[in-house]
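Computed from the coordinates by the stated procedures, all read-outs in this text should not be read as laboratory data. Remember, predicted model here, so these are calculated numbers, not experimental data. Methodologically, a virtual Cβ is constructed for each residue, glycine included, from the backbone with ideal geometry; neighbour enumeration extends over all protein chains shown.
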Amino acid sequence: MNSNVFRWFLIMKIQRTIYWNKLAEIEELKEFFEEDYQGFKKLIEDHIEEFEKFSDEALDKFAKLRVIEVTNGCTQWAFRRGDQECLSVEQTRECMNLVMGFMKRTELYFPSEGQIEFDDEQKAFIQAGRSLYKDAFKDNIKESERKYYAASTAQFIVYGHERMQRAMTLVKQDYETLFSLYYIERGQKYIAPYLEGFE
């Protein structure tokens, strides 16, 4: 691949249109856009630039992890709220143990694909995200919550529609029995507004 073709490839890879007004309507992002629209937008853009440095192979793995994290999050929040559709204690714990195991070991497993491993740089990225999540939602640090949602939004944008769709299809195919169709679809509904925020 000559330098001109490679440069064109890089431009095409990262060229996208972001609909900031749509992102600003997402429930969990509203307050951050309202408090400091330009500052929050810049924070998302900085994360986009950071995440774009990863290879397509790494982004594929991260997207799978993100989808299964979101799906698990939906089951856990529903259980804590006592939603009518929440899974049993045993099922909810099984979902949590699966995903927490992935996070602690920094690896993934899908029956149809086998073991998915991460290199040291990718592990550091995952661990940094996990640490930010804990600061935001376990220790209730507001600035960490702002940073978490900016990073999360940037991830969806960088992963892109096709990669996210493939990851959602895989999670549904391999883990619908565990999470149930209801929470597989809840996870997809959570992700959908972010995917509508860019093209």
Kindly provide the set of residues from the stretch 16-45 that are acidic (Asp, Glu), touching a residue at least 24 places away in the same chain (Cβ under 8 Å) and farther than 16 Å from PHE198 by Cα, ordered by number. GLU28
Assuming ASP60 fulfils every condition listed in (1) over 25 Å from GLN165 (Cα atoms); (2) part of a helix (DSSP H, G or I) apart from one, which condition is it? (1)
